[in-house]
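Enquirer: Just passing along the structure, written as structure tokens.
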Amino acid sequence: MAVSAVFGVVAVLGIGSQQAYAQERVTVTGSSIKRIESEGALPVQVFTRDQIEKTGATSVADLVQSLPAMQGFTQISDSIGAGGAGQSTASLRSLGTRTLVLLNGRRMAQWAGQTLTGGGDGIDLNAIPLAAIDRIEVLTDGASALYGTDAIAGVVNFITRANFEKFDIGGGMSQPRGSVGKENHLSLTKGWGNGGSDGYNFMLSYNKDKKDPIKSTDREFSKTGELRWNEGGRALIFAGNYSTRAQPANVSIPGRGLVNPYNIANGGRCPAGHVPDPTAALSGSEFCYFDFASTVQIAPKQERESFLATATKRFGNHTAYAEFVHSTSDVTWKIAAAPVDIPIPTTSPFFPIAAGMGATAGVSARLRMQDAGNRTALDTSKANHLAVGVKGLSWGWDYDLSFLQSKNDWREYYPSGWIASNELVAALNAQTVNPFVEVGNQSAAGTAAIAGMQFIGEYKRGATQLDVLGLRGSREAFKMGGGMSMLGAGVDLRTEKASYSPSQIAQGIGNVLAGDSGAEVPFDVSRRSWGVFAELQMPLAKTLETTLAVRHDNYQGPGGSTNGKASVRWSPSRQWLFRGSVGTGLKAPAVAQTADVRQHYGVTGGSYACPFAAGDALAVLCVPGNNQYDVFAKGNPDLKPEKSQQFSIGARFEPVPQFSAGVDYWNIHLKDRIGQIDESTVFKNPVAFRSLFTSFTDPTSGATTLAINLANSNLGEAKASGLDFDAVGRAKLAIGELTSRLVWTHMLEHKVQLTKGGEFVSDLGRFGEGLAPAAGPVFRNVFRWFNSLDAGNWAHTITINYKSGYQDQTSTEDDCLAVVASTGDCAASNRTVDSYMTADYQVRYTWRKNLKLTAGVLNLTDTDAPFTLKTNGAHSKGFDPRFADPRGRTIYINASYQF
């Protein structure tokens with residue numbers, strides 16, 4: 001058989017033909033030429049609807065992000081403090097937004113929550129309804145002439161149901177360990193008319209799902225930021241996951257540092273939810289760290305709703321079509337209470353507390369507003385996508401003329417926990433709120449004042465729009481030794497828009513949010529572009545085919561660029577196929593990245609010690625202990641496009657119809673990489689990156705502290721290469737048909753230059769600077785092994801999921817992130833994160849092909865997420881939610897009925 005898959009991921013082999021599409025000429029992802037699907041020379045993975053159902057996935061994001069070729073994506077837990085703001089993305093090869101996502105072969109508007117940094121640049125997978133999807137095609141070879149050379153990593157194409165005539169109703173629920181994170185989903189799909197016999201088809205599809213949150217304390221591996229482990233015969237504590245803003249507040253006293261009145265009064269102990277400085281035994285420090293990780297969520301609450309309508313009408317050799325998608329995604333997330341700095345002049349009613357600890361002047365307090373509760377945000381994303389067109393056969397051409405308008409709207413609303421600075425200062429001056437009492441011990445007036453000082457309302461919003469007018473077609477060209485050559489060509493005109501509209505308080509007009517303050521700047525930018533392409537497929541012989549493609553793109557601003565691609569397919573026998581391709585690509589910066597704007601961008605994800613020696617001029621801006629520091633982001637209108645050179649070569653072997661195996665080697669060389677240097681890299685290399693350090697003055701306290709600038713720039717080159725392997729075997733047994741499939745990605749190289757012309761730094765198998773939105777490891781090996789037994793009406797499926805271990809985030813004695821528990825000495829750490837393997841089981845019963853009843857268990861063995869010291873990304877600590885599922889063992893049931 002010409003196709004292989006893993007739990008449904010099917011790779012087109014180019015040998016033979018697929019049963020469902022054996023005679024149908026279709027446009028295959030990666031080519032503009034209509035042809036029999038299995039004739040292609042490029043590696044395309046196809047994920048059919050039946051195979052989707054066997055995974056147990058209930059959303060497009062869960063499904064796509066589980067593929068072995070996917071690494072470095074933004075997932076929903078990144079909303080919790082990591083800037084994800086409700087978005088989920090696709091990322092092939094850990095190349096981030098260099099993966100192009102399509103719906104029925106057409107682009108969609110970029111997510112509207114994208115930022116100046118390029119964070120959020122990409123399609124939000126939450127906008128695509130899974131219930132309406134017929135299949136997913138993944139082109140793992142990049143720089144497509146048809147869709148655009150910005151698809152450097154590859155293409156993910158979602159194909160909706162076509163010619164559907166029935167009524168399909170489905171639903172289900174899941175329950176993870178501990179009855180938290182529950183999920184419910186419902187789908188309805190109805191079609192009318194047969195495109196073949198009736199000449200028309202109309203389909204409506206509705207999808208709704210809801211997922212409950214999971215708190216950090218719901219899981220043992222994430223319940224605290226006080227991470228303890230053994231390494232090198234020593235018991236160590238990680239000191240990089242705390243905050244010096246506490247309740248009762250830590251007092252900053254010149255010449256003495258931070259002091260906490262509770263710590264002094266209680267013999268070095270700290271209140272609940274706080275921990276003493278791990279170095280206290282050696283340094284004699286007397287302050288308390290706030291364990292913020294114990295108060296956050298590790299999975300947010302999410303509600304999604306989508307509606308899709310498609311229509312086709314045939315007129316002779318021509319077919320008019322239209323599709324419309326409306327979807328909403330609401331993500332509610334919670335992070336720790338607001339951190340604020342409070343000036344305490346000698347005239348303050350609270351100064352005697354500081355004076356009692358030896359202060360004379362220049363005092364401030366570092367407070368965590370726990371009495372206001374967690375900062376809670378609701379991110380709402382709305383997508384409206386309309387495509388209309390006509391396709392058919394005219395003058396020998398298979399043509400497709402289309403227009404699409406795709407919009408995305410994102411809004412962030414704050415329902416609780418966010419403190420308005422003016423009201424806080426007034427309450428402190430009036431002694432209504434006391435920063436030096438424990439949580440829950442404010443007076444009635446103080447409690448009322450805290451409730452009244454919270455900002456409730458829309459904080460910021462963004463909008464994007466994409467308009468595309470496109471024409472493409474294909475036809476036979478001329479006869480060659482292996483048959484007729486095929487010619488494809490096309491043109492598209494695009495307009496992209498992106499705007500950002502912070503509220504008045506977000507802009508710092510009249511007031512700011514205490515602890516989250518910053519004068520955010522609105523922007524409204526747009527760009528026009530056009531592209532033309534041509535593709536020629538030439539059968540040089542019956543067994544040898546080559547394809548040449550060229551595309552020219554012209555962007556308003558960056559200008560024009562011409563890129564080409566060549567591929568070859570050789571099948572010397574029915575058992576063997578060899579293929580290869582070489583090409584170049586170009587990705588222009590996201591529209592938002594080019595906005596000439598600098599603005600406050602929150603705080604660092606990790607906590608860091610002062611990177612400068614005591615005599616350094618910048619050292620006076622540091623805060624004692626390990627702290628989160630403020631960050632500024634800046635757009636850059638002078639960014640150059642990223643360029644790529646890439647090639648792939650592969651072979652497939654099918655000795656018998658019951659077995660097939662193949663391997664593809666791919667290599668991508670990226671130049672002029674757009675991004676920002678990662679925060680941990682900046683703090684670990686303060687000499688090399690001294691120019692990135694600046695200062696930030698808090699509008700609430702007036703205190704000026706250290707900050708960093710993370711401006712957009714062309715950072716240099718990046719290189720990535722690897723092997724994609726897949727195999728499938730089938731056997732008919734007495735009890736049914738057994739199918740075993742393996743899909744495995746083995747990374748050989750993944751490294752970047754942090755600066756142009758600098759040394760390459762690898763993140764392969766280690767925590768380091770990455771090509772994806774945030775630093776992290778690239779797994780050397782990722783595989784999924786699918787085993788299915790179909791026995792009459794019953795189908796049993798077992799899936800093994802594996803990600804290899806990696807070198808954890810390292811620490812040195814100088815940065816003092818790791819501390820010897822018994823002595824308080826700073827220690828170096830160089831540990832390894834364990835590999836992560838889980839097993840899923842599903843059983844499905846089908847009655848008369850109409851009713852399907854499914855039950856399954858994800859993570860059958862209830863394997864915990866591996867322990868890690870990572871400091872960036874989501875605010876959860878102890879594990880990395882980007883790479884491990886915090887739900888644990890999850891039981892689910894699904895049912896669908898079609899008539």
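The values are calculated or read from the model by the stated rules, or taken from the named source; none is laboratory data. Just so we're clear, the structure is a prediction, and the values are computed from it rather than from any experiment. We place every Cβ from the backbone using ideal geometry, glycine too, and count neighbours over all the protein chains shown.
Enquirer: Mind checking which residues of segment 518-555 are in contact with a Pro (Cβ under 7 Å, 6 or more places away or on another chain) and small (Gly, Ala, Ser)? Don't jump to the end; show me each part of the working.
Expert: Kept after step one, since they are in contact with a Pro (Cβ under 7 Å, 6 or more places away or on another chain), are these residues of segment 518-555: 520, 522, 543, 545.
Those that are in contact with a Pro (Cβ under 7 Å, 6 or more places away or on another chain) and small (Gly, Ala, Ser): none in segment 518-555.
Enquirer: Ok, one more. Could you list, in sequence order, all residues of segment 514-551 that are over 30 Å from Ala633 (Cα atoms) and among the hydroxyl-bearing types (Ser, Thr, Tyr)?
Expert: The answer is Thr543, Thr546, Thr547.
Enquirer: Does Gly81 satisfy the criteria of being out of contact with any Ser or Thr (no Cβ under 6 Å at 6 or more places or on another chain) and modelled with pLDDT under 90? Reasoning before the result, please.
Expert: Numbers: out of contact with any Ser or Thr (no Cβ under 6 Å at 6 or more places or on another chain): yes; modelled with pLDDT under 90: yes.
Yes: the conditions hold for Gly81.
Enquirer: Further question on the same structure: Considering segment 513-527 alone, what residues qualify as being modelled with pLDDT of 85 or more, over 17 Å from Leu116 (Cα atoms) and in contact with a Phe, Trp or Tyr (Cβ under 8 Å, 6 or more places away or on another chain)?
Expert: Within segment 513-527, just Leu513 meets the criteria.
Enquirer: From the list Pro637, Pro611, Pro641, which one is more than 21 Å from Glu679 (Cα to Cα), touching a residue at least 12 places away in the same chain (Cβ under 8 Å) and in contact with a helix residue (DSSP H, G or I) (Cβ under 6 Å, 6 or more places away or on another chain)?
Expert: None of the others qualify; the one that does is Pro637.
Enquirer: OK, next. Considering (1) modelled with pLDDT of 95 or more; (2) in contact with a Leu (Cβ under 7 Å, 6 or more places away or on another chain), say which one Thr244 fails and leave the rest.
Expert: Thr244 satisfies every listed condition except (1).
Enquirer: Can you spot a residue in segment 337-351 that is closer than 23 Å to Ala299 by Cβ, crowded, with 21+ Cβ neighbours inside 10 Å and of a type in the set (A, V, I, L, M)?
Expert: yes
Enquirer: Right, next: Any idea which residue in segment 802-817 is surrounded by the fewest Cβ atoms within 10 Å (Cβ to Cβ), counting only those that are in a loop (DSSP other than H, G, I, E, B) and not charged (D, E, K, R)?
Expert: Among those that are in a loop (DSSP other than H, G, I, E, B) and not charged (D, E, K, R), it is Thr812.
Enquirer: If you take the residues of segment 411-437 that are surrounded by fewer than 15 Cβ atoms within 10 Å (Cβ to Cβ) and within 17 Å of Asp698 (Cβ to Cβ), which of them is modelled with the highest pLDDT? Outline the logic, then answer.
Expert: Just the residues of segment 411-437 that are surrounded by fewer than 15 Cβ atoms within 10 Å (Cβ to Cβ), to begin with: 415, 426, 429-431.
Now narrow it down to the ones that are within 17 Å of Asp698 (Cβ to Cβ): 426, 429.
Numbers: Ala426: 93, Asn429: 88.
Of everything passing the filter in segment 411-437, Ala426 is modelled with the highest pLDDT.
Enquirer: Then there is this: Which residue, of Ser567, Ser573, Ser581, is of a type in the set (Ser, Thr, Tyr) and surrounded by fewer than 17 Cβ atoms within 10 Å (Cβ to Cβ)?
Expert: On the way: Ser567 fails: surrounded by fewer than 17 Cβ atoms within 10 Å (Cβ to Cβ); Ser581 fails: surrounded by fewer than 17 Cβ atoms within 10 Å (Cβ to Cβ).
Within the list Ser567, Ser573, Ser581, the selection yields Ser573.
Enquirer: State whether the residues of segment 167-186 include one that is closer than 30 Å to Ala588 by Cβ and outside any loop (DSSP other than H, G, I, E, B). Please lay out each step first, then the result.
Expert: Of the residues in segment 167-186, the ones closer than 30 Å to Ala588 by Cβ are none.
Looking for residues that are closer than 30 Å to Ala588 by Cβ and outside any loop (DSSP other than H, G, I, E, B), one finds none in segment 167-186, hence no.
Enquirer: Among the residues that make up segment 111-121, is at least one of them touching a residue at least 40 places away in the same chain (Cβ under 8 Å) and within 27 Å of Ser648 (Cβ to Cβ)?
Expert: Checked segment 111-121: at least one residue is touching a residue at least 40 places away in the same chain (Cβ under 8 Å) and within 27 Å of Ser648 (Cβ to Cβ).
Enquirer: Could you list, ordered by first residue, the pairs with Cβ atoms under 9 Å in which the first is in segment 42-55 and over 30 Å from Thr547 (Cβ atoms) and the second is in a helix (DSSP H, G or I) and among the acidic types (Asp, Glu), at least 6 apart or interchain?
Expert: What qualifies is Thr55/Asp62.
Enquirer: Right, another one. Does Ser762 fit the bill of being at pLDDT 95 or above and either in contact with a Ser or Thr (Cβ under 7 Å, 6 or more places away or on another chain) or not acidic (Asp, Glu) (or both)?
Expert: Considered against the rule, which asks whether it is at pLDDT 95 or above and either in contact with a Ser or Thr (Cβ under 7 Å, 6 or more places away or on another chain) or not acidic (Asp, Glu) (or both), Ser762 comes out as no.
Enquirer: Report whether or not Asp209 is farther than 30 Å from Asp400 by Cβ, touching a Lys or Arg at 6+ places or on another chain (Cβ under 6 Å), in a strand (DSSP E or B) and modelled with pLDDT of 90 or more.
Expert: So Asp209 fits the description; yes.
Enquirer: Mind checking which residues of segment 265-319 are more than 30 Å from Ala387 (Cβ to Cβ), β-branched (Val, Ile, Thr) and in a strand (DSSP E or B)?
Expert: First, pick out the residues of segment 265-319 that are more than 30 Å from Ala387 (Cβ to Cβ): 265-301.
Checking the rest, the ones that are also β-branched (Val, Ile, Thr) come to 275, 279, 295-296, 298.
Across segment 265-319, the qualifying residues are Val275, Ile298.
Enquirer: Give me a count of the residues in segment 752-763 that are under 21 Å from the mean Cα position of the chain (by Cα) and surrounded by fewer than 20 Cβ atoms within 10 Å (Cβ to Cβ).
Expert: 1
Enquirer: A follow-up question, please. Residues of segment 47-62 being touching a strand residue (DSSP E or B) at 6+ places or on another chain (Cβ under 9 Å), surrounded by fewer than 24 Cβ atoms within 10 Å (Cβ to Cβ) and either within 19 Å of Leu139 (Cα to Cα) or outside the structural domain of Arg784 (by TED's automatic domain parsing) (or both), which ones?
Expert: Thr48, Arg49, Gln51, Ile52
Enquirer: Tell me which residues, restricted to segment 91-131, are at negative phi, modelled with pLDDT of 90 or more and small (Gly, Ala, Ser).
Expert: Ser91, Ala109, Ala112, Ala127
Enquirer: Okay, next question. Can you name every residue in segment 391-400 that is part of a strand (DSSP E or B) and surrounded by fewer than 16 Cβ atoms within 10 Å (Cβ to Cβ)?
Expert: Result: Leu393, Ser394.
Enquirer: Anything in segment 356-394 that is touching a Lys or Arg at 6+ places or on another chain (Cβ under 7 Å), modelled with pLDDT under 95 and small (Gly, Ala, Ser)? List them, or say none.
Expert: Once the filter is applied, which keeps residues that are touching a Lys or Arg at 6+ places or on another chain (Cβ under 7 Å), modelled with pLDDT under 95 and small (Gly, Ala, Ser), segment 356-394 yields only Gly358.
Enquirer: Of the conditions (1) under 30 Å from Gln51 (Cβ atoms); (2) surrounded by 15 or more Cβ atoms within 10 Å (Cβ to Cβ); (3) under 27 Å from the mean Cα position of the chain (by Cα), Leu748 clears all except one; give me its number.
Expert: (2)
Enquirer: Can I ask one more? Condition first: among the charged types (D, E, K, R), outside any loop (DSSP other than H, G, I, E, B) and either over 29 Å from the mean Cα position of the chain (by Cα) or modelled with pLDDT under 90 (or both). Now tell me which residues in segment 654-697 satisfy that.
Expert: Of everything in segment 654-697, those that are among the charged types (D, E, K, R), outside any loop (DSSP other than H, G, I, E, B) and either over 29 Å from the mean Cα position of the chain (by Cα) or modelled with pLDDT under 90 (or both) turn out to be Glu654, Glu679, Lys684, Arg690.
Enquirer: Criterion first (part of a strand (DSSP E or B), in contact with a Leu (Cβ under 8 Å, 6 or more places away or on another chain) and not hydrophobic (A, V, I, L, M, F, W, C)) does Thr464 satisfy it?
Expert: no
Enquirer: Only residues that are not in a loop (DSSP other than H, G, I, E, B) and not hydrophobic (A, V, I, L, M, F, W, C): list them for segment 116-162, please.
Expert: Asn126, Asp134, Arg135, Glu137, Ser144, Gly148, Gly154, Asn157, Thr160
Enquirer: Looking at segment 698-725 only, could you name the residues that are assigned to a strand (DSSP E or B) and of a type in the set (A, V, I, L, M)?
Expert: Leu706, Ala707, Ile708, Leu710, Ala711, Ala718, Ala720, Leu723
Enquirer: Across segment 861-878, what is the number of residues that are closer than 20 Å to Thr810 by Cα and in contact with an Asp or Glu (Cβ under 8 Å, 6 or more places away or on another chain)? Steps first, please.
Expert: The first filter runs over segment 861-878 and keeps only residues closer than 20 Å to Thr810 by Cα, leaving 865-878.
Filter once more, so that each one left must be in contact with an Asp or Glu (Cβ under 8 Å, 6 or more places away or on another chain): 865-870, 872-874.
Number satisfying all stated conditions: 9.
Enquirer: Being part of a strand (DSSP E or B), under 30 Å from Asp862 (Cβ atoms) and not basic (Lys, Arg) narrows it down to one of Leu204, Leu236, so name that one. Give the derivation first.
Expert: Working: Leu204 fails: under 30 Å from Asp862 (Cβ atoms).
Being part of a strand (DSSP E or B), under 30 Å from Asp862 (Cβ atoms) and not basic (Lys, Arg) holds for just one of Leu204, Leu236, which is Leu236.
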